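Derivation of every value follows stated rules applied to the coordinates shown; laboratory data play no part. None of the values given here were measured: they were computed from a predicted structure. Cβ placement follows ideal geometry from the backbone for every residue including glycine, while neighbour counts extend to all protein chains displayed.
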Amino acid sequence: MAKYDIVIVGGGPAGLSAAYAAARNNASTIVLEKDDSIAQNIRTSGVSWIDDMKRLNIPEKCYNPIKNFRIISPSKDIILKGKTPKSCVLDVRATYQYLATLAASEGAEISVRSEVQSVVSQSNKITGIMANTPKGKTEFESKLVIDASGFSSIVARKGGYAKNWTRYGIGVEYECYCDEIDPETWILMVGDKFSDAGYAWVFPISKQRVRIGTGVGRPESISDPIKKLNSIMESKITPLDELGSIQPIEFHYGLIPNEGSRQSTIFDGLLLVGDSAGQANPLVLEGIRFAIEFGRIAGDVGAKSLLKGCTRESLEQYEKFWKERVSSKIKSSLKVQSRWLKMNNETWDREVEIIQKMSVEDFIDFIKAQFTTSRLMKLALTHPHAAAKQLFGIILDK
Ligand SMILES: Cc1cc2nc3c(=O)[nH]c(=O)nc-3n(C[C@H](O)[C@H](O)[C@H](O)COP(=O)(O)OP(=O)(O)OC[C@H]3O[C@@H](n4cnc5c(N)ncnc54)[C@H](O)[C@@H]3O)c2cc1C
């Protein structure tokens, strides 16, 4: 038996950030990660936003800056050009390893190749977990378990606190060498050539390295995204025909919840964070910045609740914080996303025409779901184009 104040399940951005904040607050902390190393299996495309990465102190060397946004639909090909880079594509492995180093430097332990299998509880309170580790099957006793296991929500599900997600996205991508790509422009591709319920992407990491992927939403689509991606790669349809020789170097596969966040993310002795809590922006499957930010709050509030027995009440500040920050944004994104999942080639062309009429700033706010109600109201009433007015109206209607 091993004893810690806080046991964190999952060494993704949420778990590593929670470990950093918990250890910084002097809680004895361990992260259990099932893979052999941090970021061994990449489950994300790594697009994020430079202002958020700066705010979260992620070093500039961890990302490739992006200025322009190109969108290709069956008969449109548009580009919104920015003056300065606002978005970025992360070197995911470097970023997560950096987060691991931060956590370790504050005193958190990290145990790789350690898969959590079951939970231990007493009188409706989680008191630990059982894991297979390189040292054998071990019981970890703790005052608080933080479930940062991503899509699987392993602790919450095993403890009977959460159900399997029923709506989710599956994304697959190849990280590739290519002869040359504009490293400042990311590309989204829509329409049935690319996905029957979702979209495909080309995200540059440097002049000669790019992530090419596609995603589908379940249950809307039952199609196999790997077959779709292979057909996109083989047929080399635009924009892949512009990249010269393309050679896959890594294959990435991931699942992301797509039904909004979980109602409850705190229980006696248990807290959920990151994808486990459903905290991502569902519009573009984007959750890394939330995982880091809410992970740090989770570790902070968790450590401060130790003296209060890590009861549900003592963790409330965490849930209040993240709900105030993203609940309404996630709800707005879900409205646009459910519209997008039903689009056909013709309606996608019309949607891309609307996007073409947005300023870069409005497009970024739209894709990040970060409009304030007053700004949305203004756009819904005064945008010069009727279709854009209607789109902003849909997001506004709560
Ligand atoms: C295809 C795809 C593309 C995406 N693209 C983007 C993007 O461009 N930008 C963006 O911001 N977000 C993107 N996301 C979402 C983003 O990846 C997630 O929101 C983010 O990774 C959530 O972080 P997390 O730490 O909660 O979970 P994860 O990153 O999933 O980390 C969970 C960790 O827990 C570990 N784990 C799971 N079960 C156990 C267990 N039983 N025992 C021990 N360890 C366990 C896993 O191995 C993993 O390391 C994408 C998601 C997918 C699926």
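Descriptive notes on the structure:
- Relative to the longest principal axis of the Cα atoms of the chain, the long axis of helix 288-304 lies at roughly 20 degrees.
- The calculated FRET efficiency for the pair Arg55 and Thr166, based on their C-beta separation and a Förster distance of 51 Å, comes to about 0.95.
- In whole percents, the pair-distance distribution calculated for the chain from its alpha-carbon pairs, binned every 10 Å from zero, is 5, 23, 32, 24, 13, 3, 0.
- For the chain, the longest principal axis of the alpha carbon atoms and the long axis of helix 225-235 meet at an angle near 40°.
- By the count of neighbouring beta-carbon atoms within 10 Å, fewest first, His385, His252 end up ordered His385, His252.
- Across the stretch 332-396, the relative contact order, built from alpha-carbon pairs under 8 Å that are at least six residues apart, equals 40 percent.
- Share of alpha-carbon pairs per 10 Å distance bin for the stretch 44-134, given as whole %: 13, 26, 25, 19, 12, 4, 0
- Part-to-part distance (alpha-carbon centres) for the stretch 255-287 and the stretch 147-226, which is given in Å: 17 Å
- A straight chain from Phe251 to Glu115 at 0.36 nm per residue would run longer than the Cα-Cα distance by 46.7 nm.
- Summary of the geometry: the stretch 50-119 and the stretch 329-398, compared by the centres of their Cα atoms, lie 25 Å apart.
- In order along the stretch 75-80, the Karplus-derived 3J(HN,Hα) couplings, from 6.51 cos²θ - 1.76 cosθ + 1.60 at θ = phi - 60°, round to 10, 10, 8, 10, 9, 9 Hz, and Gly and Pro are given as x.
- Most tightly packed first, judged by the mean number of other beta-carbon atoms within 10 Å of their residues, the peptides 26-33, 275-282 read 275-282, 26-33.
- FRET efficiency, Ser206 to Arg350 (Cβ-Cβ, R0 25 Å, nearest 0.05): 0.10
- Considering only the chain, percent of DSSP beta bridges that pair antiparallel, nearest 5: 75 percent
- In degrees, nearest ten, helix 92-105 long axis to first principal axis of the chain (Cα): 30 degrees
- 23 Å Cα-Cα threshold exceeded, pairs from Lys3/Lys320; Lys3/Lys158; Lys323/Lys368; Lys34/Lys228: Lys3/Lys320; Lys34/Lys228
- Cubic angstrom per residue, convex hull over Cα atoms of the stretch 332-396: 74 Å³
- Using the Cβ-Cβ distance between Lys357 and Asp241 with R0 set to 30 Å, the FRET efficiency from 1/(1 + (r/R0)^6) comes to roughly 0.60.
- Counted by neighbouring Cβ atoms within 10 Å, the residues Met1, Met233, Met53 run from fewest to most as Met1, Met233, Met53.
- Extension gain for Gln317-Glu180 works out to 44.5 nm (0.36 nm per residue, less the C-alpha to C-alpha distance).
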